[in-house]
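Asks: Starting off with a structure, shown below.
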Amino acid sequence: MKIVSVVGARPQFVKLAPVHKAIRAAGADHVIVHTGQHYDPMLSDVFFDELGIGAPDVHLGVGSGSHGVQTGAMLAALDSVFDEHRPDWVLVYGDTNSTVAAALSAVKMHIPVAHLEAGLRSFNRRMPEEHNRVMTDHAADLLLAPTQVAVDHLAAEGLAHRTVLVGDVMTDVLFQVRDEVSDRPSVLVDELDLTAGDYYLATIHRAENTDDPGRLDEVIDGLAGLDKPVVLLAHPRVVARAAAHGVELARGSLIVRSPLAYADLIAAALSSAGIVTDSGGLQKEAFLLGVPCTTVRTETEWIETVELGWNVLANTAEEISAGVSRPRPMATDAAPYGDGHAAERVVKTLLSAAG
Ligand code: UD1
């Protein structure tokens, strides 16, 4: 059995780590293809090193570009990679341009494609991620859904027969890293002279929040006006857009810092008073760590976090401020994101579906 995983952006490297471990444990061949969508060491190499994945087998070096240019370059490069390896499965992750490019290339070459994290929907058709995930789900042969809500979305689109509920592989890696860092203080506390439990951790990178100058300014205003220091782990996209738009990031309560490696991010989240983000992964990580989250978006794919009270959607400066100062949510035993063994289920499903 040979599986080719195609990844390219930071959250995909996190999801790849437990899957790679489970594929190796099952004795299958695993070829890792990195498209090169993310290339800064802190968005890429650090995850391969830290999470024990090792170097990718193939690196396409595609880099940044408009959606069409970036996705097209990946498509052009992937055909020969799949042709050379002729895998039993191509495995694609999440909702980035790397995901849709790999799904499209594989399906046209008649190579079975499995989509990990299938069935998420924001129902916001302006989001590039929504285009990517809808197209990938409809192209793929096997839909590995993280939650019951995702299973229901796929059924509503007529895709129930290709769907398997496996749980969320991010839970697998998060639980392991949380246990490793739980007695380690965050590097941010010393570095930025903060008090543990008395700062907010923020990330903003989505096109909806960064591409329009007025919108970016409004979001930054909301963060800058909060009542505690706010550490903004600045994705290169927000830095690039802020510079282009002439928006000052380091103002008011805001402290701008480069992104953290995964274990450092989890430690920083654990010692924070709350998280403010537009990242999908971090909303879920906050929930699983028991840290209140305020999400700077008009909708979320991870609605369980909102229904259980650990996440609120906030768009204006007032809503962001109300979000971070709301009373601490009620503890919950609900486990909508699985039991930490999703990757094993993914591999079992791939092995049995191929037979
Ligand atoms: C991509 C995904 C998004 C995911 C995010 C995780 C798409 C459409 N978007 O967004 O779903 O949540 O990754 O981080 O696939 N840049 C660098 N260095 C890098 C990578 C990017 O400086 O290593 C800068 C460039 O200015 C680039 C911009 O960030 O133009 C955007 O990068 P891109 O890969 O297009 O999308 P992300 O915003 O990272």
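Asks: Can you tell me which of (1) within 20 Å of T300 (Cα to Cα); (2) away from the ligand (no atom under 16 Å from the Cβ); (3) in the same structural domain as G274 (by TED's automatic domain parsing) is the one H205 doesn't meet?
Replies: H205 satisfies every listed condition except (2).
Asks: When you look at H153, is it more than 16 Å from the ligand (Cβ to nearest atom) and assigned to a helix (DSSP H, G or I), yes or no?
Replies: Values: more than 16 Å from the ligand (Cβ to nearest atom): yes; assigned to a helix (DSSP H, G or I): yes.
Criteria met by H153.
Okay, residues lined up against (1) out of contact with any Asp or Glu (no Cβ under 7 Å at 6 or more places or on another chain); (2) assigned to a strand (DSSP E or B); (3) touching a residue at least 60 places away in the same chain (Cβ under 8 Å):
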site	(1), (2), (3)
S272	yes, no, yes
F287	yes, no, no
T294	yes, yes, no
R297	no, no, yes
T300	yes, no, yes
T305	yes, no, no
V312	yes, yes, no
Y337	no, no, yes
A343	no, no, yes
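Asks: Any residue in the range 118-142 that's within 16 Å of I303 (Cα to Cα): show its pairings with residues that are acidic (D, E) and away from the ligand (no atom under 13 Å from the Cβ) at Cβ separation under 7 Å, as long as the two are six or more apart or on different chains.
Replies: Every condition considered, the pairs that remain are A118/D137; G119/D137; S122/E299; F123/E299; N124/E299.
Asks: Run A234 past the list (1) closer than 23 Å to D179 by Cα; (2) within 20 Å of the chain's Cα centre (by Cα) and report the number of the one that doesn't hold.
Replies: (1)
Asks: Additional query: Of the residues that sit in the range 61-80 and are of a type outside the set (G, A, S), crowded, with 17+ Cβ neighbours inside 10 Å and within 13 Å of the ligand (Cβ to nearest atom), which one is nearest to Y262 (Cα to Cα)?
Replies: So the residue we want is V62.
Asks: Hey, among D83, D95, which residue is surrounded by 24 or more Cβ atoms within 10 Å (Cβ to Cβ), acidic (D, E) and modelled with pLDDT of 95 or more? Before the answer, list the steps.
Replies: On the way: D83 fails: surrounded by 24 or more Cβ atoms within 10 Å (Cβ to Cβ).
Among D83, D95, only D95 is surrounded by 24 or more Cβ atoms within 10 Å (Cβ to Cβ), acidic (D, E) and modelled with pLDDT of 95 or more.
Asks: Right, here's the next one. Would you check which residues across the range 208-226 are part of a loop (DSSP other than H, G, I, E, B) and either within 11 Å of the ligand (Cβ to nearest atom) or touching a strand residue (DSSP E or B) at 6+ places or on another chain (Cβ under 9 Å) (or both) and list them? Spell out the reasoning first.
Replies: At the first step, the residues of the range 208-226 found to be part of a loop (DSSP other than H, G, I, E, B) are 211-212, 225-226.
Passing the criteria: D211, L226.
The values are calculated or read from the model by the stated rules, or taken from the named source; none is laboratory data. Since the model is a prediction, treat every value here as computed from it, not as a measurement. FYI the Cβ positions are ideal-geometry reconstructions off the backbone, even for glycines, and counts take in every protein chain you see.
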